[in-house]
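Beneath this line is the structure, given in structure tokens, with notes to follow.
The values are calculated or read from the model by the stated rules, or taken from the named source; none is laboratory data. Being a predicted model, the structure only gives us computed values, none of them experimental. Using ideal geometry, Cβ is built from the backbone for each residue, glycine included, and neighbour counts are taken over all protein chains shown.
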Amino acid sequence: MIEVSTDQIAALYEDHIEIVRERHDRALAESGYDSVVIASGSLRPIFLDDMNYPFKVNAPFKVWLPVVDNPYCFIVYTPGEKPKLVYWQPVDYWHKPAATPHGFWTGEFDIRVVPTADAAREHFPRSGRVAFIGEEDGVEGADVNPKPLLDRLHWERSWKTEYEIECMRRANVRGARGHRAAEQAFREGLSEYEIHLAYLRAADHTEEEVPYGNIIALNENASVLHYYHHERQRFDDSRRFSFLIDAGASVNGYASDITRTYSAHKDEFQQLIDEMDAMQQSLVAMVEPGIDYISIHMEAHRKVAAILARFGFVRGLDAAAIVDKHISAAFLPHGVGHFLGLQVHDVAGFMTDRSGGYHAAPADHPFLRLTRKIEARMVFTIEPGLYFIEPLLSELAKSDNTKYIDWKKVDSFRKFGGIRMEDDIAVTPDGRENLTRNAFAKAG
């Protein structure tokens, strides 16, 4: 359990749990339920093996409390009553059982310790209309994962409490420390695998505790958007060109999500990184309540298009034409960001209301994960990129747009893979707080 038990976090948690209870009260009333049982999750055995996959706690459970490492636990909540935590603590000499509940959060719960997963059922509601949230078999007679209830709870998670934002601040500090160590390891000529280990040590995480698989990509591997291989090979200076790291950290179950890109030399690729970094910060500066997130995404494409023209990758077109002809999409194929919180790609990015209304991504930009109007206390990433992705470049070469591309220039940059710059942004009533840049300043 990764826990920050300071007076500040404890005080913020008191307000947080009150808000969580109010949100569940409202959602249960609107969807017609008297009680809800929320599962932390189950252990999942590997096929034809006697080992389990690493455990990942369910987000609807950990919004209540920072128990992130114990399966077969349940929140049992009926409005007007103290929430009940059914806590699994088996008698086991093969594995270390979870510690007895302790910390700043325990006073908010009626804690029932059970020795077996089946024993938890003794503490479930026995009357009224009950909803069950989780992947287990559920509660006898309960509705499992009812959409009206989930929609309302997901909608409420769009706005983070002060406790949640503080957890993400601290997760960014941990992540920034890891990023500093990873950059140093890259400068020393270490392999992807060694850089990954340096990150884990500095972020004070095990492999299972990071919120998502670390992307540690040298050279052309940076062109693979979700690259998780961690090759063991080291490169000498003549074959070491670039480094892209997308890695986060967790505090009390809340994630940070940070990406940086580095050049091995002071070359034109470094100039391109500097341009992308400045461009990313100009997108961050757009963030304030009332802005449509799609407009930030489209501005990212216009600015990437301008950089493509300025560096000579595209000739004979201005930025607007580069976007209109979908050339920018070959170099920036993903969305410019997503909600962040209990999950790295947090829920409700497409919702229009608490009843489950849906606003799809634009047809020409299908991989955008956030289409909402920005409001205070939302937290999301801003992560533009510029890549040299082999299959997308191959498609571009076969299209009518090939005549606008300086292929000799593009070919000279394939070895770098690409660039992504990503910060985590909390929206304030009059602007924004860059959790990531502030964390790097604290990390030194």
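Worth a mention:
- Each residue in the stretch 229-243 was checked for being in a loop (DSSP other than H, G, I, E, B) and surrounded by 20 or more Cβ atoms within 10 Å (Cβ to Cβ), and 1 pass.
- A residue that is in a helix (DSSP H, G or I), hydrophobic (A, V, I, L, M, F, W, C), more than 14 Å from the chain's Cα centre (by Cα) and modelled with pLDDT of 95 or more occurs nowhere in the stretch 212-220.
- Checklist (1) polar (S, T, N, Q); (2) crowded, with 20+ Cβ neighbours inside 10 Å; (3) within 30 Å of Ser31 (Cα to Cα) applied to Asn145, failing item: (2)
- Filter pass, Leu283 being touching a helix residue (DSSP H, G or I) at 6+ places or on another chain (Cβ under 8 Å), closer than 25 Å to Asp411 by Cα and either of a type in the set (A, V, I, L, M, F, W, C) or surrounded by 15 or more Cβ atoms within 10 Å (Cβ to Cβ) (or both): no
- Within the stretch 174-193, the set of residues being surrounded by fewer than 21 Cβ atoms within 10 Å (Cβ to Cβ), touching a helix residue (DSSP H, G or I) at 6+ places or on another chain (Cβ under 6 Å) and in contact (Cβ under 8 Å) with a residue 40 or more places away in the chain comprises just one member, Arg180.
- Look at the stretch 293-319: where a residue is under 30 Å from Thr352 (Cβ atoms) and in the same structural domain as Tyr404 (by TED's automatic domain parsing) and a partner is of a type in the set (D, E, K, R) and assigned to a strand (DSSP E or B), sitting 6+ places away or on another chain with Cβ atoms under 8 Å, you get Tyr293/Lys373.
- Unique match (being out of contact with any Gly (no Cβ under 6 Å at 6 or more places or on another chain) and in the same structural domain as Pro66 (by TED's automatic domain parsing)) among Gly128, Gly189, Gly178, Gly213: Gly128
- Test: residue in the stretch 112-122 that is of a type outside the set (Asp, Glu) and within 24 Å of Tyr254 (Cα to Cα): no
- Residues (touching a residue at least 24 places away in the same chain (Cβ under 8 Å), in a loop (DSSP other than H, G, I, E, B) and either within 21 Å of Ala27 (Cα to Cα) or among the basic types (Lys, Arg) (or both)) located in the stretch 350-365: Asp353, Arg354, Ser355, Gly356
- Top-ranked residue in the stretch 364-400 [being surrounded by fewer than 18 Cβ atoms within 10 Å (Cβ to Cβ) and within 14 Å of Ile294 (Cβ to Cβ); ranked as nearest to the chain's Cα centre (by Cα)]: Phe367
- Residue that is modelled with the lowest pLDDT, among those in the stretch 417-444 that are part of a loop (DSSP other than H, G, I, E, B) and surrounded by fewer than 22 Cβ atoms within 10 Å (Cβ to Cβ): Gly444
- Filtering the stretch 129-142 to residues that are modelled with pLDDT of 95 or more and surrounded by fewer than 19 Cβ atoms within 10 Å (Cβ to Cβ) leaves only Arg129.
- Test for His226: is it in a loop (DSSP other than H, G, I, E, B), within 20 Å of the chain's Cα centre (by Cα) and without any contact (Cβ under 8 Å) to a residue 40 or more places away in the chain: yes
- Close pairs (7 angstrom Cβ cut-off, 6 or more residues apart or separate chains): without any contact (Cβ under 8 Å) to a residue 40 or more places away in the chain and aromatic (Phe, Trp, Tyr) in the stretch 32-53, surrounded by 11 or more Cβ atoms within 10 Å (Cβ to Cβ) and assigned to a loop (DSSP other than H, G, I, E, B) anywhere: Tyr53/Arg44
- All positions within the stretch 158-203 that are outside any helix (DSSP H, G or I) and among the hydroxyl-bearing types (Ser, Thr, Tyr): Ser158, Thr161, Ser191
- With respect to (1) over 16 Å from the mean Cα position of the chain (by Cα); (2) closer than 25 Å to Ala426 by Cα, the lone exception for Arg234 is condition (2).
- Selection within the stretch 349-373 - of a type in the set (A, V, I, L, M) and more than 21 Å from Pro384 (Cα to Cα): Met351
- Within the stretch 253-274, the set of residues being surrounded by fewer than 18 Cβ atoms within 10 Å (Cβ to Cβ) and of a type in the set (D, E, K, R) comprises Lys266, Asp267, Glu268, Asp274.
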